[in-house]
Structures are given as structure tokens and as C-alpha cells.
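Structure first, commentary second.
The values are calculated or read from the model by the stated rules, or taken from the named source; none is laboratory data. Note that the structure is a prediction, hence the values are computed from the model and not measured. No Cβ is skipped: glycine too gets one built from the backbone with ideal geometry, and neighbour counts run over all protein chains shown.
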């Protein structure tokens with residue numbers, strides 16, 4: 001199981017995850033580390049407008065901070081998106097192509113019904129043999145990793161074979177983290 005450095009994109013330099021920090025901020029229960037760590041405090045400051053909006057929960061209309069749209073669009077434009085497509089099989093004249101990024105999003109969504117498994121990065125490549133899929137995943141603490149990965153693999157294989165009508169040449173799942181917060185999912 002290889003862990004690529006970019007798989008930790010949601011980890012702060014101190015090792016805490018942005019997800020955990022956001023969850024603690026939303027509940028109003030920061031840990032002692034999060035209250036004193038310079039990295040957590042800086043990230044919390046960036047997340048504060050979001051947490052404030054979530055806490056209001058419909059009390060009043062929320063106005064986005066100035067520059068938010070510009071910041072979001074800059075991030076969207078800078079994100080590397082694949083322009084490559086997956087060619088779907090079919091009968092008759094013409095053809096259907098779907099962007100690799102759309103297929104990756106569908107694969108991540110197909111695993112949402114699998115309890116205790118969260119898929120992160122998803123890479124898809126089409127070859128003459130079929131679809132090659134490689135994903136990273138977090139598995140809930142306490143779940144047997146082979147069972148959780150097997151359930152995720154079945155969900156993704158079903159999507160590729162039944163919904164897209166393509167053979168699966170290879171489907172690799174790299175478990176890169178154990179998630180204590182995913183127990184109840």
C-alpha cells in the first residue's frame with residue numbers, strides 16, 4: 001500500500017485534519033491542541049465564516065464575504081481537471097464519451113452507500129483491456145479493511161460494468177487512513 005504525499009491534502013502541518021477541525025468548530029468543542037496550535041488556529045480563522053453560517057442555520061439570510069466568489073473561482077480554475085474522455089460502448093451510429101473526471105465522481109458517489117468507507121482521490125484510465133481504476137480511501141476504525149475494501153470494490157465494479165457498460169481491467173484501492181469519525185456511517 002503506497003501513500004502518495006498528495007493524499008494528505010486535507011492534513012495540516014501539525015497532522016490534524018481539516019475535517020476534524022471543522023467538525024470540532026461546528027460542535028463548539030475544540031481540543032486543547034486545536035486551541036493552541038498555530039496551524040489549527042490559522043485554518044480555523046479561514047473556516048470561521050463557514051462555521052458561523054452553518055451555526056445560524058436559517059436564522060437570517062447569509063451574505064457571502066467579499067471576494068469569496070473570486071477565491072472559489074480561482075481555486076476551481078487552478079484544480080487540475082482531466083480533459084481526457086472515456087468512450088462508452090453502444091450500438092448504432094455515433095458514440096458517447098464521458099470525461100474521466102465525471103467517471104471518477106460517479107465512482108466516488110457509488111461508494112457513499114458503503115458503510116465506513118470514504119473514497120478520496122480517484123484516477124481512471126481506459127485501455128484496450130478495459131477500465132483501470134485506482135482510488136484512495138479511508139476506512140472506519142473497527143471495520144475489517146479487506147471487507148470494507150471488498151464492498152467498495154463491488155460497488156465501483158457494478159457502476160462500471162452495469163451503468164457504463166465497460167469491462168474492469170483492474171480496480172485498486174489504497175487504504176490511506178483509518179477514520180475514527182466514520183464509525184457510525
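Output the strands (runs of 3 or more DSSP E) that fall wholly within segment 79-185 and possess 3 or more residues being at pLDDT below 85 and loosely packed, with under 15 Cβ neighbours inside 10 Å, or say none.
Once the strands (runs of 3 or more DSSP E) in segment 79-185 are filtered for at least 3 residues that are at pLDDT below 85 and loosely packed, with under 15 Cβ neighbours inside 10 Å, nothing remains.
List, please: which pairs have Cβ atoms under 9 Å, are six or more places apart or on different chains, and start with a residue in segment 112-134 that is within 14 Å of residue 158 (Cβ to Cβ) and end with one that is modelled with pLDDT under 90 and in a strand (DSSP E or B)?
131/86
As an exercise: evaluate residue 66 against (1) closer than 30 Å to residue 169 by Cα; (2) loosely packed, with under 15 Cβ neighbours inside 10 Å; (3) modelled with pLDDT of 70 or more and give the number of the one condition it does not meet.
Here residue 66 clears every test but (1).
Taking the conditions exactly as written (at pLDDT below 85, assigned to a helix (DSSP H, G or I) and either closer than 20 Å to residue 136 by Cβ or not assigned by TED's automatic domain parsing to the domain that holds residue 137 (or both)), does residue 21 satisfy them or not?
So residue 21 fails the test.
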